[in-house]
1. Any residue at all in segment 45-65 that's of a type in the set (Gly, Ala, Ser), without any contact (Cβ under 8 Å) to a residue 60 or more places away in the chain, closer than 30 Å to Glu98 by Cβ and assigned to a helix (DSSP H, G or I)?
2. Output the residues belonging to segment 1-25 that are under 20 Å from Ser61 (Cβ atoms) and either loosely packed, with under 14 Cβ neighbours inside 10 Å or β-branched (Val, Ile, Thr) (or both).
3. Can you name the residue in segment 26-40 that is within 19 Å of Ser70 (Cα to Cα) and crowded, with 16+ Cβ neighbours inside 10 Å and, of all such residues, is nearest to the chain's Cα centre (by Cα)?
4. Condition first: part of a loop (DSSP other than H, G, I, E, B), without any contact (Cβ under 8 Å) to a residue 12 or more places away in the chain and either under 11 Å from Ile52 (Cα atoms) or among the hydroxyl-bearing types (Ser, Thr, Tyr) (or both). Now tell me which residues in segment 13-38 satisfy that.
5. Might you check whether a residue that is modelled with pLDDT of 95 or more, in a helix (DSSP H, G or I) and either closer than 20 Å to Ile5 by Cβ or in contact with a His (Cβ under 9 Å, 6 or more places away or on another chain) (or both) occurs anywhere in segment 68-81?
6. Would you mention how many residues in segment 82-135 are small (Gly, Ala, Ser) and either within 30 Å of Leu65 (Cβ to Cβ) or touching a helix residue (DSSP H, G or I) at 6+ places or on another chain (Cβ under 9 Å) (or both)?
Amino acid sequence: MIMNISKVADLMDLTPVTLRYYERVGLIPPVNRKNGGVRDYQDEDLNWVEFIKCMRNSGLSVEALIQYTSLYQLGDVTLDDRKTILVNERAKLIEKYEALGSTIKRLDRKIEDYDHDKMRQSEKRLSDWKKANQP
């Protein structure tokens with residue numbers, strides 16, 4: 001069964017344009033083609049697309065992923081270099097993760113402040129109502 005670009009795009013929730021871009025810039029290795037130049041995606045190609053999609057959605061840079069893919073195509077002699085790329089990109093993600101965590105905590109405190117203000121306002125209205133309705 002030929003797994004053409006349209007089928008892969010649907011399967012991976014991407015557009016054919018995105019898949020062509022991934023291949024053109026070197027984010028994924030070249031995909032084998034059938035007669036007439038129709039791309040014939042295999043399991044390994046699907047794994048690459050899924051990997052790149054995941055890494056891009058997580059914020060890894062296009063440049064680092066292109067470099068990683070290029071090194072992969074050179075074989076096992078590049079294992080250490082590929083690992084270094086992944087370690088460096090992971091460190092960048094951890095920094096972003098920690099920054100996001102800090103921002104989320106700050107937002108949580110700010111939201112709590114609003115919740116407490118609402119509580120105080122409600123308590124004040126109740127107190128004012130009781131005072132106004134006392135004999």
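The values are calculated or read from the model by the stated rules, or taken from the named source; none is laboratory data. Predicted model only: the values in this text are computed from it and were never measured. Here Cβ is always computed from backbone atoms with ideal geometry, including for glycine, and neighbour counts include all displayed protein chains.
1. Within segment 45-65, one or more residues are of a type in the set (Gly, Ala, Ser), without any contact (Cβ under 8 Å) to a residue 60 or more places away in the chain, closer than 30 Å to Glu98 by Cβ and assigned to a helix (DSSP H, G or I).
2. Listed by number, the residues that qualify are Thr18, Arg24, Val25.
3. The selected residue is Leu27.
4. Thr15 - this is the single residue of segment 13-38 that is part of a loop (DSSP other than H, G, I, E, B), without any contact (Cβ under 8 Å) to a residue 12 or more places away in the chain and either under 11 Å from Ile52 (Cα atoms) or among the hydroxyl-bearing types (Ser, Thr, Tyr) (or both).
5. Yes; the residues of segment 68-81 include at least one that is modelled with pLDDT of 95 or more, in a helix (DSSP H, G or I) and either closer than 20 Å to Ile5 by Cβ or in contact with a His (Cβ under 9 Å, 6 or more places away or on another chain) (or both).
6. Of the residues in that region, 4 qualify.
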